[in-house]
Every structure is written in C-alpha cells, then in structure tokens.
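Since every read-out is calculated from the coordinates, none of them should be taken as a lab result. As the structure is a prediction and not an experimental result, all values here were calculated from the model.
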Amino acid sequence: MPALTAADRKLSLSKRNRANKKGLPQGAQSIENAVKAVKQFKKVKFDETINVVVNLGIDPKQADQIVRGSVSLPHGTGKSARVIAFCQSDKIAGAKAAGAIEAGGEDLVAKIEGGWMDFDVAVASPDMMRVVSKLGKVLGPKGLMPSPKAGTVTPNINEAVKEYSAGKQEYRNDDGGNVHAVIGKMSFAEKALAENLTAFLETINKVKPASSKGTYIKKCVIAGCMSPGVQVAV
C-alpha cells in the first residue's frame, strides 16, 4: 500500500475532527458523563493522554493566591517520570533503589551545570538545598527547582522518589489562573478516569487560597491530546 500523502493525512484528520465535533456534548457534564464523552471520540493510533485544565477565580499576580502543590492520583497517570535526588552520600544507594536515575550532591550539581538535563523531576532533602540553590537559574525557568510547597523538598527522599517515579505530579497556576494536569490515558477504564478527576478536583478545592473571593473553580475541561474538550460541571 502506498504511503499516505500530506493531503491524505489532512483529509483523514479533517474527517475525524468533524466526527468528533458531532459527538461533542453541549454544556457542562457530570464527571462520569464527561469522561464517557471523551472516551467515545474517534481514536488515533496511539494511547492519548487525557488532560484536565481548571480556570480558577484567583489573582495570579498576588503571591498569597498562588495555587501550587503536588498530587498522587488513585490510578496513576499512565506515565512514569525520570527522577533525580539531591541527597547525602549515605542516602544515594537508597534513592537509586527507590527508582532515582541519578542521586548525589555536589557531583550531581556539577553534572547539571555541565548541561545534563535528562530528567523530569528533581527532589532534594532539606539539608541539600544550600548546594542545590546554585542551580536556581538553570532549574527555575524549567519548573524543575525542588520546592517545599511542591513536595519535592522532603526529608523522606526514598518515598518522594517512588511517588514521583510512579506519576505523582506537580501543579501550579499559570498567568491566566489556569491549572493543568494529566488524569490518565485513553486506555484507562471510565471509572478509573472519573476517580482520578474527582481526586484532582478535591485536591484543588482543598488548596483554595483564603484571600480568593467569589467563585473559585470557574470552569473545568477535560480532553484527550488529539480530541475536543468536554466541560465538566463543578
């Protein structure tokens, strides 16, 4: 069979998009119905990641209204993460046994300063932050700097490594007051996705800033990375 041309691929994509739009429910749906709608869209050839975005009634310019933290979903996200650990020499073996792809102190800092960035999450014990602080300009802009608020600065390095390797994820509002997260894969059962979404929304509700007034969760949408978004009633 001849390879598809660019025009053929565009036509196929257009057909799928039109079919998906026909199946897009109107208005906000319950968590269960929103998940069902997303899973009924026409599939692509890979296992789509399903994302959630919530628009919050916060002022992102106010430091006391920043929404930031980390969450472990009951059914994971379907994606593992490459985790490194900044720790004392006597903790290195344990961190690696827990799943860290690299662990260390000054030597690990030097490796990153040399340009190595093949990791997704960095965790650190509190006593290592004076060393890790050297990497602020390197890790900060990429959102990789360990932080107590995000749960990536902790005395329990092994537990943190295990959780983040298994899919625990950090979240933080963007400049528009939106928080993005992954709730699973298209291959997940509807019940698992619904429970993951419920757990995420419960987490976001728990961290509502005291200074945020009015409606807190203004809008919530879930979508596969290649499918339309479905609004969730909150």
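Which whole-angstrom value gives the distance between the alpha carbon centres of segment 170-234 and segment 60-119? Result: 23 Å between the Cα centres.
Computed on the Cα trace of segment 116-200, the radius of gyration divided by the Kirkwood hydrodynamic radius gives Rg/Rh = 1.02.
Given the Cα-Cα distance of T215 and Q40 and 0.36 nm per residue of separation, how much length would full extension add, in nm? Display every interim value, and only then the final one.
Details: separation 175, 0.36 × 175 = 63.00 nm, distance 3.09 nm.
Difference between extended and current length: 59.9 nm.
Build a GNM of the chain with springs between Cα atoms under 10 Å apart, and of K61, K208, K162 the one that fluctuates most is K61. Amide hydrogen proximity for I217: with H placed 1.01 Å from N in the peptide plane, the residues at 5 or more positions away or on another chain lying under 5 Å are G57. Largest mean-square fluctuation among G224, G143, G214, in a Gaussian network model of the chain whose springs join Cα atoms under 10 Å apart, belongs to G214. As a ratio to 2.2 N^0.38 Å, the alpha-carbon radius of gyration for the chain is 1.16.
Rounded is the label for segment 83-166. Its Cα gyration tensor axes, ordered a ≥ b ≥ c, give a/c under 1.5.
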